[in-house]
1. How much length is gained if the chain between K45 and K267 is pulled fully straight, taking 0.36 nm per residue apart and subtracting their Cα-Cα distance, in nm to one decimal?
2. Using R₀ = 30 Å, calculate the FRET efficiency as 1/(1 + (r/R₀)^6) where r is the Cβ-Cβ separation of S287 and E236; round to 0.05.
3. Can you compute the modelled spin-label distance between H226 and R152, with each label point 7 Å from Cα toward Cβ, in nm?
4. Enumerate by residue number the GluC sites (Glu not before Pro) in region 133-180 meeting two conditions: DSSP loop (anything except H, G, I, E, B), and at most 15 other Cβ atoms within 10 Å of the site's Cβ.
5. What list of ³J(HN,Hα) couplings, whole Hz, do you get for region 192-199 from phi and the Karplus terms 6.51, -1.76, 1.60, once you set θ to phi - 60° and write x for glycine and proline?
6. Could you give me the ³J(HN,Hα) list for region 223-238, computed from phi with Karplus coefficients 6.51, -1.76, 1.60 and θ = phi - 60°, whole Hz, x at Gly and Pro?
7. Express in nm, to one decimal, how much length is gained between E144 and K160 on full extension, taking 0.36 nm for each residue of separation and deducting their alpha carbon distance.
8. Just need the relative contact order of region 174-277 here, percent rounded to a whole number, with Cα pairs under 8 Å and 6+ apart.
Amino acid sequence: MFAWDVQYDDQDRLLNFFWVDGRSRIDYECFGDVLIFYTSYRLNKYNFVCAPFVGVNNHWQNVLFGLAFLLEEAWDEMIKKGNLHNHEWLQDLYKIRRKWSTAFNKDSFCIGILSTQRSEYANNVCHGISKPTSSLTDCFLGLEKILMNWRRNEQDEDYKCSQSEIVPVIKNSSILKQAARFYSRKIYSIFEEEFIKAVGEMSIDFVSTDSSKYIVNYIEKKNQNHPWVVYFDATEGNIQCSCKKYETMGLLCSHCLRVFKQLDMAKFPEKYLLLRWSARARQVFYSGYLLNSQRSNNFQSGRGFIFRNQVSRFAYQMST
Ligand SMILES: [Zn+2]
């Protein structure tokens, strides 16, 4: 359901405006494990900062969790006081605020997005809607276009995933077949690249006597690179590499895959197939989301009607 929230100062001037639609809420339920937040663009007409909350779906495409327009000084104040109204969704976002700033540390799950790339994701949204002469109405019309485009692209990719089977580059590789059955096309191609690297470029330089520790390095140019250390617990099927690709991105690295090859494993442990990268991620998450929302009955209350009336009035005031 569409929702918005505003914050005024003590003289009733608009400080912040937050917007989210029903689809964005579902996107957040599905792919909210990583949230990219960045404020870089300014709406010159009102001096508002455009602050999108962007995520990445299972096809490595952008999804929008919400959008805020903030007066810069108000934003600082808001962060200090944590005064984010009683809006449930905003409160949830505020609770995970540390994720916004720490998501880019090496050990945190950040799907491999570097801190320097944050602005690109924000610009994907703001660039199309924030012009010096834009009113808020113009901005939201621009936003609608961007979202239509993003959502159409996702539908296209979902369709392609459902209609065509992935053909692994090495036809009889059981590990690639396992990955092809699970991942979306885009994520599979990233995985396949790691696999080819593992098979073609990596060698094992050392194995501990109990076969729990491996040193992996390039076959060529050994001196130019630091080797990677991989720990494998065969009993539990746990694998860990010093590059931390799985911990940060949710995909196994070429070093772990090289160890699996060394051990002649036909398949890798299922737990390393992360649901958010599955071709069916949205359907699976969405059915869980439906169950939860039916249980809590959050969206059936009369608040929806009141909200819509307020929105209409607010939109009218903003555009006049
Ligand atoms: Zn690694």
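All of the numbers you see were taken from the coordinates with simple rules; none came from a lab. If you're wondering where the values come from, they're calculated on a predicted model, not measured in any experiment. Virtual Cβ from ideal backbone geometry, glycine too; neighbours counted across all protein chains shown.
1. Contour length minus Cα-Cα distance gives 74.2 nm.
2. Using R0 = 30 Å, I get an efficiency of 0.50.
3. About 4.6 nm, to one decimal.
4. Filter output for region 133-180: E165.
5. Working through the residues one at a time gives 4, 4, 5, 5, 5, 4, 4, 6 Hz.
6. Karplus values, whole Hz, x for Gly and Pro: 5, 8, 10, 7, x, 9, 10, 10, 10, 10, 9, 5, 5, 8, x, 9.
7. Computed gain between E144 and K160 is 3.3 nm.
8. Computed over region 174-277, the figure is 28 percent.
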